[in-house]
1. If we sort 83-91, 98-106 on the protection proxy, mean other Cβ atoms within 10 Å, highest first, what's the order?
2. Which percent of Cα pairs goes in each bin when the distances of the chain are cut into 10 angstrom slices starting at zero?
3. Mean 1/r over all different Cα pairs, inverted: what Kirkwood radius does the range 59-163 give, in Å?
4. Given 0.36 nm per residue, what is the gain on full extension from residue 43 to residue 172 after removing their alpha carbon distance, in nm?
5. Taking the chain as the reference, fit the longest principal axis to its C-alpha atoms, fit the long axis of helix 9-61 to the helix C-alpha atoms, and give the angle between the two in degrees, 0 to 90, nearest 10.
6. Just from its helices, what would the mean residue ellipticity at 222 nm be for the chain, if runs of 4 or more DSSP H residues each count -39500 (n - 2.57) and the sum is divided by every residue, rounded to the nearest 500 deg cm²/dmol?
7. Using only the C-alpha atoms of the range 106-185, find the volume of their convex hull and express it per residue in Å³.
8. Tell me the label-point distance for the pair residue 112, residue 98, using the 7 Å Cα-to-Cβ offset, in nm and rounded to one decimal.
């Protein structure tokens, strides 16, 4: 009778180590890809909120008829640009129903950082109640700058919005876009 072939202790330990290393490698690959998916999802969310803010600005600034004096740009002697962290203007309350002869439905709009988030606040109308719209969540620590550069047209502003992610390494997403004011100048 032939003796039965069995695993030796060394073969058994090697098999356990091989299986453990395959499991560890599979787990590390899973963690890596799930982390990359979370980071990419967050970057996409930040970029979507930035794009939404720019779309909102582009639509509302087309109906602006007056700019608050604190938001007007002026160059100091020798300066090539002027920058603001908030921007306030007077425009149509209903951006889809433009009424040039009726200013009762116009409101003041202000883009600024409040409680850590980028907001749009409208106020000062007899027809519409005051309202605050959150454009970019505070958890992304948005920063906004409105800039006018020497050589630009008087009614053109460059806006830069930057956000910072929450998942380490905390990546930043930034976008710059120009806004044109059709009926007013933003420079003194």
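1. Details: 83-91: 18.4, 98-106: 12.3.
Descending mean neighbour count gives 83-91, 98-106.
2. Result, from short to long distances: 8, 27, 24, 14, 7, 6, 5, 4, 3, 2, 0 percent.
3. Numbers: mean 1/r = 0.0674 Å⁻¹.
Evaluated on the range 59-163, it is 14.8 Å.
4. Here the answer is 45.6 nm.
5. Helix 9-61 sits at roughly 10 degrees to that axis.
6. Values: 1 runs with 53 residues, N = 188.
The helix contribution divided over the chain gives -10500 deg cm²/dmol.
7. 99
8. Each label point is offset 7 Å from its Cα along the Cβ direction, giving 2.8 nm.
Computed from the coordinates by the stated procedures, all read-outs in this text should not be read as laboratory data. Not measured: the values here are computed from a predicted model. Don't worry about glycine lacking a Cβ; one is built from the backbone with ideal geometry, like all the others, and counts go over all protein chains shown.
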